[in-house]
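Report on the following structure.
Values quoted throughout were computed directly from the atomic coordinates according to the rules given, and no laboratory measurement underlies them. What you see is a predicted model, and the numbers here were worked out from it, not measured in a lab. Positions of Cβ are backbone-derived with ideal geometry, glycine not excepted, and every protein chain shown enters the neighbour counts.
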Amino acid sequence: MVPGDLMPLAQHVLAHYAAPLCAGALAPLGNHGGFSGALLWRVGNGLCLRASSPAAQDAAQVAEIHRLMIAARQEGLPFVPAVCATLKGTTVVEHAGRLWELMEWMRGRASYHEAPSRLNLQSACTALGRLHRSWQRFVESQAALIPAVWRRLREANFRMPEEAAPETDGPAADAVRRARRLLPRWLQQLPGDLLPYWSRKYARLQPCLCDVWHDNLLFEGDRLTGLVDYAATRHDHVAVDLARMLGSLVEDDDDGWRQGLVAYSRQRPLSEEDEALARVLDRTGTVVGAVNWVRRLSDAAFPCENQAAAVRRLETLLRRIERWK
C-alpha cells in the first residue's frame, strides 16, 4: 500500500498540472505488483501518477524517456502512454526526494497467460516492432558492443549464497536451496554462449525497453491496448526486447517464437543473426533473472516488499530451466 504520509505529497505534485487534468479521485495503488520501489496512483479515470523510488534515475534520464514516448505517440502508436506536461512545460516533477510523472492510464489487462492466442502474440510483437521502428531515428551513430551481452557476462562470476535464505524454513528458503542446486551448471555455460557476441559482434544500438514482459502488456480481447513501464529504457540491441517479451510469453515454444518473430519482422526486419541473438539473450537472461531473484531473497540487507511474489517469480524461472536438457 502507499504510505499515508505520501498522499499529501501526491496532491502537492498534482498542483503542478492544469486543474482539468487532475479532476477526479486520487486512488493509491501501492507498487501495483512491481519491485522497483516506485509507487502509483490512479487519477480520476484517465491518468496515472508515478513516484519513483528515492534511488531511481535522475530527472534528465526520465525526461529523455518521456521524449522517446512522445515521439512514438506523435507517430501514431496508441499503445504508448501519453505523457502529461506541467504548467511550466516540463514532464518530471522533483519533490520530496522522488521523481514524479503523470501519464495516460492505459486500458486493458495483462491477460496473455490466462488466454494465450496466436492473435495476442502477433499483436504484442507487432506493437514492439512498430515501437522499435519509430525509435530507429535515435540509433547511435557508431556501432558498439552489445550492453545486454555485457550485463549477462558479469553474472557469470556470481557465486550462489551459502545460506539458503534469511528464513531457515518456508517457501523462500526452499526456492533458494533449489536454485543453489540448479543454477551453477548454467552459470558456467554463460561465457561460452555469450562470448561470440562480445568479442566479435558490434551493432548499431537504439532505444529499447529492456524490461518488456508479460505484466507490461495489456490486452482487450486479442488486441494489445497498452505497452507500459518505460523506466528501464536505454540504448541496446533490439534483440534484448524480443528475448524478454517472447521468453515471458511463450518460453521455449519454438512455434511461438516463429510466430512472434514473423509478426515483428513485418514491422522491422530482422537478420538471422538478430534472431539467433534473441534466443541466446532469452536463455541466458532466464539464468541471470533467477540469479538476481536468489540475491534478493538471500540478502537481508535488501528485503523484498512482497516476498511471496518474488518467490513465485523465481520458481517460474526454475521450472523453465529444469525443463532444459
Let me have the relative contact order for the chain, percent, based on Cα pairs under 8 Å that are six or more residues apart. 19 percent
Nearest 0.05, what FRET efficiency do Glu273 and Asp252 give at R0 = 25 Å with Cβ-Cβ as r? 0.80
Check Tyr17: other-chain or 5+ apart residues with amide H under 5 Å from its amide H, H built from backbone geometry? Leu87
Set the Förster radius R0 to 25 Å, insert the Cβ-Cβ distance between Ser265 and Ala60 as r into 1/(1 + (r/R0)^6), and round the FRET efficiency to 0.05. 0.15
Given a Förster distance of 25 Å, report the FRET efficiency between Ser111 and Arg67 from their Cβ-Cβ distance, rounded to the nearest 0.05. 0.25
Given that just one value was derived from the coordinates, which of [x] 18.5, 58; [y] 20.2, 58; [z] 24.3, 80 is Rg and Dmax of the Cα atoms in Å? [y]
Note down the nm distance, to one decimal, between modelled labels 7 Å out along Cα→Cβ at Gln11 and at Asp215. 3.0 nm
Ordered by fewest other Cβ atoms within 10 Å, a rough proxy for footprinting exposure, Thr225, Thr286, Thr90 read Thr90, Thr225, Thr286
Can you tell me how the stretch 4-104 classifies by the Cα gyration tensor, rounded, prolate or oblate, using a/c under 1.5 as the rounded cut? rounded
Length gain on complete extension for the stretch Glu140 to Ala309, per 0.36 nm per residue less the alpha carbon to alpha carbon distance? 57.1 nm
Mean-position separation - Cα centroids, the stretch 170-212 and the stretch 118-161, in angstrom: 14 Å
Report the longest stretch of the chain that contains none of the chymotrypsin sites (Phe, Trp or Tyr not before Pro) sitting in a DSSP loop with at most 13 other Cβ atoms within 10 Å. 1-201
